[in-house]
Amino acid sequence: MNFSTSLLSFLRSFLRSLPRRKMVQPTHVVGAVTALGLLLAGVGRAAKPNVVIVMTDDQGYGDLSVHGNPVLRTPNLDRLHAESVRFTDFHVSPFCTPTRAALMTGRYAARTGAYRTSHGSTAIHPREVTMAEVFAANGYRTGLFGKWHLGDNYPSRPMDKGFQHAVWHRCGGVTQISDYYGNDYFDDTYLVNDSWTSFEGYCTDVWFREATRFIEAESSEPFFAYIATNAPHGPFLVAPRYSDPYERAGDEKQDAAFKGMIANFDENLGKFLARLETLGIADNTILIFLTDNGTARGARFESGINGLPDEGFNAGMRGRKSSAFDGGHRVPLFIRWPAGGLGRPRDVDGLAAHIDLFPTLIELCGLERRSGPPLDGRSLADTLRGHGQLPDRVLFAQIHGGAGFARPGDRWEGSAVMTARWRLVAGSLLYDMQRDPSQIRDVASEHPETVTRLRAAHERWYRSIKPAMRPTRIVIGHEAENPADLTSQEWQAPGSHVVWSRSHLEQRKMESWPWLVDVSRAGSYRFTLSRWPRYLARPITSTRARLEIGDIVRESVIPEPDTVTEVSFEVELSAGPAELQTWLTEPGGQTHGAYFVSVERLE
């Protein structure tokens, strides 16, 4: 965008921002000067586009009024839809972590180490190169605001993977076990890089407010801002003024809160879009909106996660979050870039996926990706610019591991093989999406050759991803994070045995499983075991503590379990990979792992 176009955009935005029929106030002038300063400071540099990715959590394709929802009102999402190129057959993963891993790397999540939502398989591997790292290497300021869910510890935190500034919560959701204890979506404590910091306001308000401050803070470089809200993920908590209209209309309390969280998000999005306009940078900002999986609460389904909705709205799709049917992984994708030559707002009907956004941004922004493993995705840039339709291809969606879902050795359970026309679900159910978009009638017996072809494609894909399906080890004793605070969220636990929620902590769930760690340097280490987060200083209420790491075993009797808050062991460790496991014995004689362990290298 040249200077005259930029100046015109700024003046137009400033005039729109003035109050109607009122005298211009000094604050309006200050705002104009600030915005003009941002504009003029950027004139001397190449006009690389800014990039903003906004992703909500557990909002489905049908949870927007513009997609036909008869109850929800999302005027700002509707406006963004009207101004964007919209992909109508866009797919992510059916769960949180794998979608985020694929988005950040342009690779199928199974390759990245981050392919489950807990169980020690949420942390992205050091070998992966994220879009944040590539943007930073190409002169962009990079910021994350909200949910990361790709690793709580080094080497997988946002700061380790390219984000220069991060305001984020740990683990998969606010109120989960590695999140700051006591957070409830209002006036919470979040991490600013690696420091716990108190904030005022509702969680979604905080993420957008901090993203706006980041954007305004420095004007000499283009920016990449990733706003990943935890809303409308459960627990369903929002101010009554957002949920009351839906409850009055007849929704059950939690359904109303889910919709209210989307209403609050929509309000924040509107304010954010207006601020980009006021700053004069909206035209040269690539703004992307998507969600991370199918709906969690937008409809009720007749047979669990895989049914058809029998109440609520799911845009005609079968299945919801965590389903291999389209309702689990087909989501909105809106891309707006007024100055980017994308042409008129329109629908694009070809098949695309989360793995495509990274290569697309590389091409649109003229980035160099100088290292990293091969990308799985394809650039959508030509289609965005109106230069042809998306070619047909085969894409894959699968949940790898988890209660009721595919284990790493199970190639078919929870799987979907997709082309523009066909969906092969669980290796045997075939649906013709042109004739049957709700996936009601299995036509596998009528098209055996298609089943054979798609099964073979899945077999080849699965053989390619399986070798990489190894958890990322938490590095202990490294200068980047010393001490390292581990939680039971990342135990290597089978099935549903992991302790990941605050309720598990409070009910004292009797489980103990190992952490996979990597000792960065040989030396003396202190392991501090506790039942509660250390900052709470609550009694451990245990009579014995036990630690095992490698072939080292330490045990201790706790003489005053109602007074002592933690137990420490000091051991000498060699460098290299190891398994760490702990046990606390409660007064009745049962044992469970220490839900919290702090590991500090002493020398």
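Quick note: the coordinates plus some simple rules give every number you see, no bench work behind them. Since we're looking at a predicted model, the values are computed, not measured. No Cβ is skipped: glycine too gets one built from the backbone with ideal geometry, and neighbour counts run over all protein chains shown.
Which angle from 0 to 90°, rounded to the nearest 10, does the C-alpha axis of helix 96-105 make with the longest principal axis of the chain?
That works out to roughly 60 degrees.
Can you compute the FRET efficiency between ASP382 and GLU479 using 1/(1 + (r/R0)^6), with r the Cβ-Cβ distance and R0 = 56 Å? Round to the nearest 0.05.
On the way: r = 45 Å, r/R0 = 0.80.
Result of the calculation: an efficiency of 0.80.
Hey, for a label at GLN254 modelled as a point 7 Å past Cα toward Cβ, could you say which residues of the stretch 466-503 have their backbone N under 16 Å away?
Backbone N within reach: 501-503.
Along the Cα→Cβ direction, 7 angstrom out, place labels at ALA456 and ALA47. What is the inter-label distance in nm?
Modelled inter-label distance: 5.0 nm.
Note the angle between two axes, namely the Cα long axis of helix 253-278 and the longest principal axis of the Cα atoms of the chain, as a number of degrees from 0 to 90, rounded to the nearest 10.
So the inclination is approximately 60 degrees.
What relative contact order, as a whole-number percentage, does the stretch 372-521 give when Cα pairs under 8 Å and 6 or more residues apart are counted? If you can, show how the numbers build up before the last one.
Numbers: 170 pairs, mean separation 22.3, N = 150.
It comes to 15 percent, rounded to a whole number.
Farthest toward the dipole's positive end in the chain, which of GLY280, SER303, PHE325, given Cβ charges of +1 (Lys, Arg) and -1 (Asp, Glu) about the Cα centre?
GLY280
Using Cα-Cα distances under 8 Å and only pairs 6 or more residues apart, what relative contact order does the chain have, in percent? Each step should come with its number before you reach the end.
Details: 1421 pairs, mean separation 101.1, N = 603.
For the chain, the relative contact order is 17 percent.
Can you give me the orientation-averaged projected area of the convex hull built on the Cα atoms of the chain, in nm²? Before the final figure, lay out the partial values.
Numbers: hull surface 117.8 nm².
Its average projected convex-hull area is 29.4 nm².
Would you work out the charge dipole size for the stretch 300-384 about its Cα centre, treating the Cβ of every Lys and Arg as +1 and the Cβ of every Asp and Glu as -1, and quote it to the nearest 20 debye?
180 debye
Stretch ILE440-SER195 to full length: gain in nm at 0.36 nm per residue minus the Cα-Cα span?
Working: separation 245, 0.36 × 245 = 88.20 nm, distance 5.01 nm.
In short, 83.2 nm is gained.
So if I place +1 on the C-beta of Lys and Arg and -1 on the C-beta of Asp and Glu, and nothing else carries charge, what would the dipole magnitude of the chain be about its Cα centre? I want it in debye, nearest 20. Intermediate results must be reported in sequence, preceding the final value.
Values: 67 positive and 70 negative charges, 312 e Å.
So the dipole magnitude of the chain works out to roughly 1500 debye.
Can you say what percent of the DSSP beta bridges in the chain, counting only those with both residues inside, are antiparallel? Round to 5.
Working: 66 of 99 bridges.
Percent antiparallel among DSSP bridges in the chain is about 65.
What nm distance separates the two modelled labels at THR563 and ASP244, each placed 7 Å from Cα along Cα→Cβ?
Reported label-point gap for THR563 and ASP244 is 5.1 nm.
DSSP loop GluC sites (Glu not before Pro) in the stretch 219-319 with at most 15 other Cβ atoms within 10 Å of their Cβ, which ones? Numbers along the way, then the final one.
Numbers: sites: GLU247, GLU252, GLU267, GLU277, GLU302, GLU311; in loops: GLU252, GLU302.
Passing both the DSSP loop test and the Cβ count: GLU252, GLU302.
Hey, if you drop one equal point scatterer on each alpha-carbon of the stretch 269-309 and run the Debye formula without solvent, what base-10 log of I(q)/I(0) do you get at q = 0.25 Å⁻¹?
Evaluating at q = 0.25 Å⁻¹ gives log10 I(q)/I(0) of -0.85.
For the cross-link pairs LYS253/LYS321; LYS161/LYS466; LYS271/LYS321, which exceed 25 Å when the distance is taken from alpha carbon to alpha carbon?
Working: LYS253/LYS321 20 Å; LYS161/LYS466 23 Å; LYS271/LYS321 29 Å.
Cα-Cα > 25 Å for LYS271/LYS321; rest within.
Explain nothing, just the number: relative contact order of the stretch 474-601, from Cα pairs under 8 Å at least 6 residues apart, as a whole percent. Walk me through the numbers before you get to the answer.
On the way: 304 pairs, mean separation 47.4, N = 128.
This gives 37 percent for the stretch 474-601.
Expressed in nm², what is the orientationally averaged projection area of the convex hull enclosing the Cα positions of the stretch 337-467?
On the way: hull surface 41.4 nm².
So the Cα hull casts an average projection of 10.4 nm².
If one takes the longest principal axis of the Cα atoms in the chain, at what angle in degrees, from 0 to 90 and to the nearest 10, does the Cα axis of helix 448-465 lie?
60 degrees
So how far apart, in nm, are the two label points at SER556 and GLU216 if each is 7 Å from Cα heading toward Cβ?
Label at SER556, label at GLU216, 4.9 nm between them.
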